[in-house]
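To start, the structure itself, in structure tokens.
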Amino acid sequence: MTSTRPGPQWLADAVLYQIYPQSFADSDGDGIGDFAGITEHLDHLAWLGVDTVWLNPCFASPFRDAGYDITDYLAPAPRYGRAEDLAALVEAARRRGVRILLDLVAGHTSDRHPWFLAAAEDPSDHRYIWSDRPVDGFVASPGSRPGWYRPNFFDFQPALNFGYARGSSEEPWRQPVDAEGPRANRAALWEIMEHWLGLGVAGFRVDMAYSLVKDDPDKAETSKLWTELRDRLDRSHPEAALFAEWGDPAAAVAAGFHADFFLHFGGADDGLPLRSLWNNNGGTVEESWHQEACYFEAEGRGTPQPFLDAYRSAADLTRGSGQIVLPSANHDFSRLATAPRTADQLAPAFALLLTWPTLPAIYYGDEIGMRYVPGLPDVEGSVLGPRFNRAGSRTPMQWEPGPAAGFSTAAPERLYLPVDPDPHRPDVLSQRADPTSLLHTVRRLIVLRRAHPGLGTAGSVEVLNAGYPLVYLRDGRYLVAVNPGREPVTAPLPRGRSVRPLDAQGVRAADGELRAGGFSYGVFELD
């Protein structure tokens with residue numbers, strides 16, 4: 001059985017920061033971010049208060065899906081640098097108290113991976129899932145091997161064979177989980193993890209972690225696979241952590257992961273808990289999504305209830321065994337600053353992110369209010385639908401004023417993606433010089449969270465008002481009020497207790513009530 005301990009001690013207080021490597025910092029002027037660029041900016045992360053960085057995939061790849069199509073799990077992509085450069089990044093981060101997580105694409109490879117090239121020529125190779133006749137969703141063999149293979153996402157991402165939970169004599173490609181191919185893939189997965197853990201990384205965020213065993217409706221076999229890997233991890237690398245891309249924290253933690261994210265998909269409500277907070281029908285929008293106004297909108301028509309209900313359910317099921325991660329955005333989902341939401345509305349969003357009993361995950365650039373940039377071309381598979389272009393959330397980090405925002409010395413046409421053309425775009429240098437900026441607000445809130453452990457994952461939470469403003473009590477002594485709306489609102493104060501402000505923008509306590517101005521937040525200590 002897997003350990004039910006929640007993982008290494010550092011994990012409970014982690015503040016995560018997601019870096020999309022090709023867009024963070026370009027050190028060599030080729031227009032694409034790299035390891036050395038990240039290393040050069042580690043002081044920004046340490047100053048901000050970040051202690052855990054998740055890098056999107058940085059392995060060898062043809063980059064038809066931005067690196068999620070891997071050709072060598074043990075070699076960095078040359079665009080980012082050499083293995084020595086990655087090792088230097090890990091060590092430089094360690095010296096600053098920052099851990100590095102790698103993105104592990106466990107369920108599929110590129111169709112140019114040597115494993116797949118060999119399988120496409122050899123009918124006896126079962127590393128991937130092959131049918132001898134056409135099947136819906138399968139793709140015709142590109143080699144001399146007759147038949148069709150099953151992809152995991154795009155057609156050029158063949159699914160690694162971890163077996164099927166349910167077999168069928170009419171569908172012989174449904175191999176059991178203990179067949180030769182699935183056994184080989186499980187062994188390779190552990191070898192990959194061992195390799196990078198041995199070089200000092202702190203763990204992994206696992207892409208599409210729920211997808212490994214096929215036709216596994218309750219994910220029992222997939223969970224068993226990850227539970228076995230977690231057991232090995234606990235024995236060999238007890239300080240390492242596994243984060244899932246599952247979108248269902250209760251299921252992922254039960255499967256052996258240390259933590260899982262609320263995502264724009266996953267779980268019984270298909271990602272509604274997260275989308276009900278941030279998704280304002282701009283930026284990345286899936287046509288199948290149906291939801292009311294989100295809570296963080298200026299008009300004040302939303303409700304935090306879908307998020308609150310999902311959090312309570314997940315917290316009950318993960319308490320003492322794992323963590324829930326609340327992200328500001330990610331490489332597949334709109335940034336916080338997605339029109340019509342503007343940068344002046346973001347402070348209350350970060351107040352929630354950094355005082356709720358979840359692990360906060362800041363997407364690079366959100367700390368300065370970088371916006372989702374609409375109208376970009378399809379770059380490395382960024383477009384998933386008519387209203388779902390992920391490129392808008394992947395534009396270069398804005399370090400300073402200037403043509404390339406300090407991201408690169410390359411000519412504009414050579415940049416991985418265009419820099420936000422808005423002449424008023426935010427940048428780190430300018431916001432560092434302005435103590436009233438969003439960047440300083442985020443930093444203060446991180447400092448506050450660390451100074452008062454009751455605001456972290458261990459403290460209790462009691463919601464006192466689930467409207468505008470959202471008011472909640474942390475650890476029985478910290479009162480938080482968040483008003484994402486434009487209009488001023490009020491809520492009663494707890495009776496018989498005085499309040500002392502710890503950090504407040506636009507919220508004050510007077511005459512027995514909290515008075516919250518538009519786009520405001522307040523964190524108070526109760527006496």
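The values are calculated or read from the model by the stated rules, or taken from the named source; none is laboratory data. Just so we're clear, the structure is a prediction, and the values are computed from it rather than from any experiment. Glycine gets a Cβ as well: all are built from the backbone with ideal geometry, and neighbour counts include every protein chain shown. For the accessible areas, the whole protein counts, side chains as well, though only heavy atoms, and no ligand, DNA or RNA atoms are used. Shrake-Rupley method; radii C 1.70, N 1.55, O 1.52, S 1.80 Å.
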*Restricting attention to the range 146-166, does a residue exist that is of a type in the set (A, V, I, L, M, F, W, C), open to solvent by less than 20 Å² (accessible area, probe 1.4 Å) and over 15 Å from L225 (Cβ atoms)?*
no
*Run down A92, A60, A75 and say which single residue is out of contact with any strand residue (DSSP E or B) (no Cβ under 8 Å at 6 or more places or on another chain), of a type outside the set (S, T, Y) and more than 17 Å from F243 (Cβ to Cβ).*
A92
*Is it true that L438 is open to solvent by 10 Å² or more (accessible area, probe 1.4 Å), within 26 Å of the chain's Cα centre (by Cα) and within 18 Å of H44 (Cβ to Cβ)?*
yes
*So is T222 of a type in the set (S, T, Y), surrounded by 21 or more Cβ atoms within 10 Å (Cβ to Cβ) and in contact (Cβ under 8 Å) with a residue 24 or more places away in the chain or not?*
yes
*asked:* Which residue is farthest from F162 (Cα to Cα), if the candidates are limited to the range 201-232 and must be basic (K, R) and in contact with a strand residue (DSSP E or B) (Cβ under 9 Å, 6 or more places away or on another chain)?
replied: R205
*Using the structure shown, decide if R232 is in contact with a helix residue (DSSP H, G or I) (Cβ under 9 Å, 6 or more places away or on another chain), basic (K, R) and touching a residue at least 40 places away in the same chain (Cβ under 8 Å).*
yes
*Checklist (1) in a loop (DSSP other than H, G, I, E, B); (2) open to solvent by less than 30 Å² (accessible area, probe 1.4 Å) applied to F204, failing item*: (1)
*asked:* Out of everything in the range 441-463 that is within 22 Å of the chain's Cα centre (by Cα) and among the aliphatic types (A, V, I, L, M), what residue ends up being surrounded by the fewest Cβ atoms within 10 Å (Cβ to Cβ)?
replied: A458
_Whether any residue in the range 337-345 is open to solvent by less than 20 Å² (accessible area, probe 1.4 Å), in contact (Cβ under 8 Å) with a residue 24 or more places away in the chain and of a type in the set (S, T, Y) is what I want to check._
yes
*Within the range 1-107, which helices (runs of 4 or more DSSP H) (wholly inside it) include 3 or more residues that are surrounded by fewer than 22 Cβ atoms within 10 Å (Cβ to Cβ) and either of a type in the set (G, A, S) or in contact with a Ser or Thr (Cβ under 9 Å, 6 or more places away or on another chain) (or both)?*
35-40, 83-95
_Hits in the range 278-300 (condition: of a type outside the set (V, I, T), in contact (Cβ under 8 Å) with a residue 60 or more places away in the chain and closer than 21 Å to S393 by Cα)_ = W278, N280, G282, G283, E286, E287, Y295, F296, E297
*For S168, state whether it is touching a residue at least 12 places away in the same chain (Cβ under 8 Å) and over 32 Å from the mean Cα position of the chain (by Cα).*
no
*Test for F350: is it touching a residue at least 12 places away in the same chain (Cβ under 8 Å), more than 22 Å from A46 (Cβ to Cβ) and of a type outside the set (A, V, I, L, M)*: no
*Would a scan of the range 397-408 turn up a residue that is at pLDDT 95 or above, among the hydrophobic types (A, V, I, L, M, F, W, C) and not in a loop (DSSP other than H, G, I, E, B)?*
no
